[in-house]
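Below is one structure; the comments refer to it alone.
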Amino acid sequence: MKSDIAIIGAGALLAGSLATGTAAAHAIDDALFPLTDSLMQGKVSLDVRYRFEQVDQDRPASIRDEASAQTVRTRLGWRTGLFHGFFAYGEAENVSVVGEEDYNNTYNGKTRFPVVADPDGTEVNQAYLGYLGLKGNTFRYGRQAFFFDNHRFVGDVGWRQNQQTFDSFFYENKMLPGVTGSYAYVYNVNRVFGEDTPNKAFANAGDLHLKGHLINLQWKPNPVTTLTGYAYLLDFDDFAAESTATYGLRAMGEIPLPQLKLPTLPGAAGSAILYAAEYARQSDYADNPGNFNLDYALAEGGVRLFGVSFKAAYELLQGGAMNGTRALQTPLATLHAFNGWTDQFLRTPAAGLKDTYFTVGGPVPGLAMDWLLRYDSYKSDAGSNDYGDEWGVLLSKTFAEKYTVGLKYADYSTDAPAFVAGRPDTSDVSKSWLWVQIKI
């Protein structure tokens, strides 16, 4: 049947060509050759990362207190060239376990081990159609990765082996100098836990189905200053109690210090005062049965001297609302980047969280290597209970813009009782990582 249809179609095309003469033939050539060229001009991308993660956590004697995960993440992508302003991108992702799976990947049933949220599996990581035919405008529709600002409210969770992506429509406008306006309608979030994770609990659901409107307006009045306003409206289909509306403002930048004429390391940025400030208000939204208004605040200041950056900051995620059962949450964030590297606060405790932290870092002289030291001190917002502290160190080196080697260690200690419902394992924990990555 299919062959008959093909023959009929070919015959109709031939008859049409004979009837309309060479003009029709040239029209067909003009339509087909640019499409062929756009396909031939496509670009292949490859991203392979091996990572070893070790977790050592104080747990009851009957449960293993150590976990080790060796995984390899491979992403293979292909982007077409432009065809009348249109292009397409597709990317497959595979996460494979090397050796024994001595860790709890959140759904493999190995609950006697601590969690390492890197499940194995293969999936379509990204697949979207885009349009660039209007200067200064970008349109994309499909499964895609993106983030806003510093990933605090919307991120792609690049730290984990399985990336967070969004089934969405995305629009970006850069028609005005220094201004970037972005809007995304998101109807599904593909989280780091993988397609095989059952959606039984919001905190570790594999997919989050929602009607989400993400609006972000950014203005750069000069190269070192960024001002942002945003609104993130999240209406979750299966978890109405998590539906929220968040409105916020953010400012970040630096003030150069040329008058000091201080020396810097080769390739390092010049001396400057560094700052970031942010405020947001989060409230119940859509079918959320709750009634709450919660604050987010960040104040960060520092200085960069001799190529080394020193920063001190205070971050508040307000809690204690609704009789002490509700705190501000950021479910679409790249959470590993905030409130410590041991991931003890992926979900804000009901009493909220105050994080006072200090960082210092920069390039290693003569080695083209970056280093960072971090210290965090945690308290609850409601009641100001001590939640413990954490320190960490990071070293990374990139070769030839394609190869990266990294080492990272973090140690969290606390005397606090379990501060999250369902978390009887709240305890001292240390984590270490080694990774090698190739990006082509």
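The values are calculated or read from the model by the stated rules, or taken from the named source; none is laboratory data. Bear in mind that the values here come from a model prediction, so they are computed numbers and not experimental data. With ideal geometry, Cβ positions are generated from the backbone for all residues, glycine too; neighbour counts draw on all protein chains shown. Heavy atoms of the whole protein, side chains included, go into the accessibility calculation; ligands, DNA and RNA do not. Shrake-Rupley method; radii C 1.70, N 1.55, O 1.52, S 1.80 Å.
Within the same chain, lysines fewer than 8 places from Lys439 are excluded, and of the rest, those with a Cα less than 17 Å from its Cα are Lys43, Lys397, Lys402. The accessible-area ordering, largest first, of the residues Leu407, Leu257 stands as Leu407, Leu257, per a 1.4 angstrom probe. Quick one: net charge around Ile438, please, counting Lys, Arg +1 and Asp, Glu -1 for every other residue with C-beta under 12 Å from its C-beta. In short, +3. Remark: the chain carries 49 Å² of accessible area per residue (probe radius 1.4 Å; ligands, DNA and RNA excluded). Taken along the Cα-to-beta-carbon direction at a fixed 7 Å, the label points for Ala312 and Asn293 span 3.2 nm. Between Thr138 and Asp237, the simple label model (points 7 Å from Cα in the Cβ direction) yields a spacing of 2.7 nm.
Of the accessible area of the stretch 180-294, computed with a 1.4 Å probe over protein heavy atoms only, carbon and sulfur atoms account for 61 percent. How charged is the neighbourhood of Phe113? Take every other residue with its Cβ under 11 Å from the Cβ of Phe113, and add Lys/Arg as +1 and Asp/Glu as -1. With Lys, Arg at +1 and Asp, Glu at -1, the net is -1. With every protein chain in place and a 1.4 angstrom probe, the accessible-area ranking of His336, His151, His84, largest first, reads His84, His151, His336.
Run the accessible area of the stretch 23-166 with a 1.4 Å probe and give the carbon-and-sulfur part as a rounded percent. C and S fraction of accessible area: 59 percent. Compute the Cα gyration tensor for the stretch 235-356, then decide on rounded, prolate or oblate, letting a ≥ b ≥ c be the square roots of its eigenvalues: rounded whenever a/c is under 1.5, prolate when a/b is larger than b/c in the other cases, and oblate in all that remain. Cα axes put the stretch 235-356 in the prolate bin.
Considering all C-alpha pairs of the stretch 184-299, those separated by over 17 Å amount to 68%. Listed by chain and number, the lysines placed with their C-alpha closer than 19 angstrom to that of Lys110 are Lys200, Lys431; residues fewer than eight positions away on the same chain are left out. The listed residues Asp237, Asp156, once ranked by accessible area (1.4 Å probe) with the largest placed first, stand as Asp237, Asp156. Short-range pairs are left out: with C-alpha atoms under 8 Å and at least six residues apart, the relative contact order of the chain is 10 percent. Report the Stokes-Einstein translational diffusion coefficient (µm² s⁻¹, integer) for the stretch 103-209, Rh taken as the Kirkwood radius over Cα pairs, at 25 °C with viscosity 0.890 mPa s. Rounded to a whole number, D works out at 160 µm²/s. For Rg and Dmax of the Cα atoms in Å, the value computed from the atomic coordinates appears in the list (i) 21.3, 63; (ii) 25.1, 86; (iii) 22.9, 81 under label (ii). Remark: spin-label model distance Glu66-Ser377 equals 3.3 nm, labels positioned 7 Å along the Cα→Cβ axis. With N counted as the residues of the stretch 317-440, its alpha-carbon radius of gyration over 2.2 N^0.38 Å works out to 1.24.
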